[in-house]
Amino acid sequence: MGKISGETRFSGNAAKVRSAGQREPSRTLEPVNNRMPISPQIYERLRRAITTLVMLPSEALSEQDLAQQLGVSRTPVREALIRLADEGLIDILPQRGSFVAPIRLSDVEEAQFIREALEVSVVQKLAGHGSEGFVATVRANLAMQAKAVAEGDRDLFLELDEAFHRSLCEEAGLPKSWRLIQVVKLQMDRVRYLSLPEPGHLETLLAQHVAILEAVETGEVKQAGARMTAHLREVLRTVHGLSLARPDLFRR
């Protein structure tokens, strides 16, 4: 079994999740690094395990087992679970315990609505005002995205996708918007991860990224907004098919 860390990738796990009726147990969590703040590490490990479907929807979580794997007491684990519950990734049920939350379609749709409102405004504000250094950095990111697509490295592509969107917010002088988007999009991330193996999906996302940068670079405000809108609505295009294929992972 692989281990979860900020560096580890989970190639192939999404494909396993797509296999009908199969529920694999959670992978072993890597113990925290005592030379770094403990609570953020615990939160990040659990969040990543959930959003990359290493921990599957409706899976029961034991504070004691998680604490033992992470090499910590139960208190910081409980704190991380409460934070994840506040973000909608964990359901804490009285007298029953903690469970990975199902992917709730209503939450995904609302998250997409909020993210679209923010990021469309970001690219419209940024259009025509990106620095040369910004454009060069994003072009390098897109080149790495193309390499990841060619090599079928879905997890690397997802990391580069995150960096692409973050860079837009930061260049627009709206870093707090990105932090808000990060919280909101947790409801979308599991769908995004599930959709990566869909034939041609990565190629579509890459082409959309390229088109967004072109509009931003040339100062086409309306085009930048329209292209970002189309890009962010991809998740809605895929979510309904996925929910029909894997109803055990989803709830309305």
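The values are calculated or read from the model by the stated rules, or taken from the named source; none is laboratory data. In this text, all values refer to a predicted model and were calculated from it rather than measured experimentally. Here the Cβ is made from the backbone with ideal geometry for all residues, glycine too, and neighbour counts use every protein chain on show. Heads up: the accessible areas ignore ligands, DNA and RNA and are worked out on the full protein's heavy atoms, side chains in. Shrake-Rupley method; radii C 1.70, N 1.55, O 1.52, S 1.80 Å.
Given N residues in region 133-203, what is its alpha carbon radius of gyration divided by 2.2 N^0.38 Å?
Against the empirical 2.2 N^0.38 Å value, I get 1.17 for region 133-203.
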For region 24-84, accessible area per residue (1.4 Å probe, heavy atoms of protein chains only), Å²: 48 Å²
Of Ile212, Pro175, Gly97, which is farthest towards the positive pole of the chain's charge dipole, taken about the Cα centre with +1 and -1 on the beta-carbons of Lys, Arg and Asp, Glu respectively? Gly97
How much solvent-accessible surface does Tyr193 expose, in Å² to the nearest 10, with a 1.4 Å probe and all protein chains in place? 10 Å²
Put Phe99, Phe113 in order of accessible area, largest first, probe 1.4 Å, and you get Phe113, Phe99
Taking all protein chains in place and a 1.4 Å probe, what share, in percent, of the accessible surface of region 104-211 do carbon and sulfur account for? 58 percent
Estimated FRET transfer efficiency when R0 is 35 angstrom, pair His240-Leu93 (beta carbons, to 0.05): 0.80
Relative contact order of the chain, please, whole-number percent, based on alpha carbon pairs below 8 angstrom and at least 6 residues apart. 25 percent
Tell me, what is the 1.4 Å probe accessible area of Lys147, in Å² to the nearest 10? 120 Å²
Just how much of Met144 is accessible, in Å², when a 1.4 Å probe is used and the result is rounded to the nearest 10? 100 Å²
Students sometimes get this wrong: rank Glu119, Glu110 by accessible area, probe 1.4 Å, all chains present, largest first. Glu110, Glu119
